[in-house]
Amino acid sequence: MSTETTTPAQQLSARLLDNAVTVGAIVFWAIVLFWMRTQTLPRAQYGVVFIGAILALYVLDEARESIEDEDYLDLLVLGACFAVMAVASTYIFLNFEGMYQERQGWAYDYEYNLAWLVIAVVLYLTWRSYGNVFLVLIGGAMVYSIYGYMVPGILGHGGISTTFMLQMLITDMAGFYGSLTQLTGAWIAPFLLYAGLLFAYGAFDLILRVAIVTAKYIESGVAQTAVLSSAVIGSINGSYAANAGMTGSFTIPTMMDAGLKGRTAAAIEGTASTSGQVLPPVMGASAFVMASFLGIAYIDVIVAGLIPAAILLVSIAVAVHYTSVNEIGDQDLDFQDYFDDYMTRNDKIVEGIRFGIPFTILLVTLGYYQWTVMTSALWTIVAMVTLGITTPVLQELVADRKGSDGPVHAFTTELKNTVSGFRRGAIILAPIAIILAAVNGVVDLLMVTGIPSRIALLLMDLSGGVLLIAVLLGMAVCIVMGIGMPTVAAYVIVSTLVAPAFVNQFGVPELAAHYMVFYAAVMAGVTPPVAIAVVVASGIAESNFWETCGVAITIAAPLFVLPVSFIYHPEIVSSDLGLQSVVTGLVVLAGALTIIYGINFSFDLKRRFRFPLRFGLFWLGAFVMVYPGRVFQLAGVGVFALVFFAERAIANGWDAPFVSSST
């Protein structure tokens, strides 16, 4: 609602809450950074403080919007949520030793009543953030854990008592306060603060500017802008839906202005946003969770993800080129059409240094010095804040540019941007912390029911012990479980339910199994009938959802085969990369490009030749990507090369029996 129709009291209340969110965010990050530096509290106790504080910030921010919308019933509910979390967090923090160390397995009656209230708050806030799907998931897990004895067949179990469920979720400091919540507070939170600071200081504006420059040198450059910017930004923010909305609001109109159809522009953005979730070094925050689950170094997870990410991004870039080149018009782009100010080459170099040094610190401390994630993240944030504030000030002192406002104004501006970055980081973090706390509870409940081992037996039974069939069934489960979820939440679920089946029943290397389910879950972003990333992008482009999905699937086609490659070629997702890994990666990339070429290239052939050729090239590419024998893989690559050069020859003159008469 606009300020013209709100009363002064409403405006004052909204402004006070807005200020409270800003101040609260600064205090919250001060607590997080202080704990990262000192670790004076036990990790479980810190988790209580962390989840209570971030939920309180989320409620305050939502309450501000309720006041602006004059939704007082909603405001009342949010007020109750705030009160419950404030009381529960304070009580658990003060009685932590008694609850966590002295009374594991039992609690007072009033503590159980408080636990019910906390569960109700988490359920409500999860529903508020992510809708009915998650409400059904969490509620279903609770019902299944209690009434599992009523489920027939292999998925049935003895059931647990409501008291035991409350102990698991709340009073024993597991469940909603468990390892995932603690991991979020220790590892994921600082990277989302880093993302908030990057936004506030203008790093993503710089990324978009650099991406736009490619349009001057590449025929499909405007479309490649979406791939580059969405992949980089999507890797950090951890949600393909949020990424499609954020970068898509810029890239989709830009692509449409250059001549792309709305469905094509939306499909490119939706696919690019989805692919960004697998891009190291953050991988939508999933890299940190994977390292924790597998008990390996974070840098090993990143190294293992390099070749798959390269295969995916190269194949998508080629697909985008083929898809867009026939639609796009002459590209005569002016930066002033898209940005309010002009940046000189020197400005871009300075900005590149400003943002490049903290990122280099992150990579060097993690990869070379092998520091912990927390320590590396802490010093990265310190460097980002230091350079974020001082660089513009030094520019003003040195450059003495006409029309500039001077170093004092630059300092105050960047100080405000820093505060804005702290606030944005908290706002980005809040829904992810909520869903991971909820998912932690779901995972703990499912583990106690023994459902992972039951799913493993079910997969073995349905597949008849055939690995390929089991992989396809497992991928289907991962896609379904990934619907509507942030990347990291989807990974947690599928890594718990599906990955153990391949490790324990089929002997697949653990890292390969986890990467398989991770990539498969990410596919939900472009898989109909939900395809959240495509939904958001098609809404911006005002295009038909199903037509947009069709284009997105053709662009992302190798993504549906790549997870299977991890099972049959685990060396491409190994933390110990060598010559074999690189060679296999190149062969798999050739298979992916075969699929892209077959589906997306505009063959100048008659219909009776074109459709069988596309069909054959798709399956040839899939064979090359998956088949474990190198000789047959290389033979498949040879067939693709023969088809490719034959098409070039036909296009250059051998056209009589093959080429469409319409050309």
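Please specify each residue of segment 422-442 satisfying the condition of being modelled with pLDDT of 90 or more and open to solvent by 10 Å² or more (accessible area, probe 1.4 Å).
Within segment 422-442, 422, 423, 424, 427 meet the criteria.
In segment 451-472, how many are buried (at least 18 other Cβ atoms within 10 Å of the Cβ) and among the small types (Gly, Ala, Ser)?
3
Just to be sure I understand the filter: pairs with C-beta atoms under 8 Å, separated by 6 or more residues or on different chains, first member in segment 604-626 and under 30 Å from residue 573 (Cβ atoms), second member open to solvent by 80 Å² or more (accessible area, probe 1.4 Å) and not charged (D, E, K, R). Which pairs pass?
Matching pairs, first to second residue: 623/632.
The conditions are (1) open to solvent by 30 Å² or more (accessible area, probe 1.4 Å); (2) in contact with a helix residue (DSSP H, G or I) (Cβ under 6 Å, 6 or more places away or on another chain); (3) modelled with pLDDT under 90, and residue 318 fails exactly one of them. Which is it?
(3)
What about residue 28, is it in contact with a Gly (Cβ under 6 Å, 6 or more places away or on another chain), modelled with pLDDT of 95 or more and part of a helix (DSSP H, G or I)?
no
Just one of 37, 43, 64, 15 is out of contact with any strand residue (DSSP E or B) (no Cβ under 9 Å at 6 or more places or on another chain), without any contact (Cβ under 8 Å) to a residue 40 or more places away in the chain and among the basic types (Lys, Arg); which is it?
Among 37, 43, 64, 15, only 15 is out of contact with any strand residue (DSSP E or B) (no Cβ under 9 Å at 6 or more places or on another chain), without any contact (Cβ under 8 Å) to a residue 40 or more places away in the chain and among the basic types (Lys, Arg).
Out of the residues in segment 353-381 meeting the condition of being part of a loop (DSSP other than H, G, I, E, B) and of a type in the set (Ser, Thr, Tyr), tell me which one is least open to solvent (accessible area, probe 1.4 Å).
372
Hey, can you tell me all the residues within segment 575-607 that are touching a Gly at 6+ places or on another chain (Cβ under 8 Å) and over 30 Å from residue 302 (Cα atoms)?
598
Taking only segment 355-374 into account, find how many residues are closer than 18 Å to residue 192 by Cβ and without any contact (Cβ under 8 Å) to a residue 12 or more places away in the chain.
Result for segment 355-374: 1.
Starting from residues that are of a type in the set (A, V, I, L, M) and at pLDDT below 90, keep the ones in segment 502-525 and report whichever is surrounded by the fewest Cβ atoms within 10 Å (Cβ to Cβ).
523
Residue-wise test of (1) surrounded by fewer than 23 Cβ atoms within 10 Å (Cβ to Cβ); (2) in a helix (DSSP H, G or I).
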{"position": "139", "(1), (2)": "yes, yes"}
{"position": "149", "(1), (2)": "yes, yes"}
{"position": "158", "(1), (2)": "yes, no"}
{"position": "168", "(1), (2)": "yes, yes"}
{"position": "176", "(1), (2)": "no, yes"}
{"position": "196", "(1), (2)": "no, yes"}
{"position": "222", "(1), (2)": "no, yes"}
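Determine the pairs where a residue that is among the basic types (Lys, Arg), located within segment 256-285, has a partner that is open to solvent by 20 Å² or more (accessible area, probe 1.4 Å) with Cβ atoms under 7 Å apart, the partner being 6 or more residues away or on another chain.
261/327; 263/543; 263/544; 263/547; 263/551
Among the residues of segment 502-555, count how many are in contact with a Pro (Cβ under 7 Å, 6 or more places away or on another chain) and within 22 Å of residue 247 (Cβ to Cβ).
2
Go through (1) open to solvent by 30 Å² or more (accessible area, probe 1.4 Å); (2) not in a loop (DSSP other than H, G, I, E, B) one by one and return the number of the condition residue 106 breaks.
Every condition holds for residue 106 apart from (2).
Restricting to segment 605-619, what's the tally of residues that are open to solvent by 60 Å² or more (accessible area, probe 1.4 Å) and either at pLDDT below 85 or under 32 Å from the mean Cα position of the chain (by Cα) (or both)?
The number of residues fulfilling the criteria is 6.
Can residue 419 be described as farther than 21 Å from residue 286 by Cβ, part of a helix (DSSP H, G or I), open to solvent by 10 Å² or more (accessible area, probe 1.4 Å) and not aromatic (Phe, Trp, Tyr)?
yes
I need a count of the residues in segment 545-601 that are open to solvent by 10 Å² or more (accessible area, probe 1.4 Å), of a type in the set (Gly, Ala, Ser) and in a loop (DSSP other than H, G, I, E, B).
Selection size over segment 545-601: 3.
List pairs: first residue in segment 495-516 and acidic (Asp, Glu), second residue surrounded by fewer than 22 Cβ atoms within 10 Å (Cβ to Cβ) and assigned to a helix (DSSP H, G or I) anywhere in the structure, Cβ distance under 9 angstrom, at least six positions apart or on different chains.
Cβ pairs passing all conditions: 510/294; 510/503.
Any residue that is open to solvent by 60 Å² or more (accessible area, probe 1.4 Å), of a type in the set (Ser, Thr, Tyr) and under 33 Å from the mean Cα position of the chain (by Cα) - is there at least one of those in segment 69-78?
no
In contact with a helix residue (DSSP H, G or I) (Cβ under 9 Å, 6 or more places away or on another chain), within 21 Å of residue 162 (Cβ to Cβ) and crowded, with 19+ Cβ neighbours inside 10 Å: which single residue out of 85, 99 fits that description? Quick ask: steps written out before the conclusion?
Working: 85 fails: within 21 Å of residue 162 (Cβ to Cβ).
Only one candidate passes the filter, namely 99.
Taking the residues in segment 235-265 that are more than 23 Å from the chain's Cα centre (by Cα) and outside any helix (DSSP H, G or I) as candidates, determine which candidate is surrounded by the most Cβ atoms within 10 Å (Cβ to Cβ).
Here the residue is 260.
When the residues of segment 448-483 are narrowed to those that are free of Cβ contacts under 8 Å to residues at least 60 places away in the same chain and not in a helix (DSSP H, G or I), which ends up nearest to residue 167 (Cα to Cα)?
482
The values are calculated or read from the model by the stated rules, or taken from the named source; none is laboratory data. The shown structure was predicted, so the numbers you read here are calculated from the model rather than taken from an experiment. All Cβ positions, glycine included, derive from the backbone under ideal geometry; neighbour counts span all protein chains shown. Areas reflect the complete protein model, heavy atoms only, side chains present, ligands, DNA and RNA absent. Shrake-Rupley method; radii C 1.70, N 1.55, O 1.52, S 1.80 Å.
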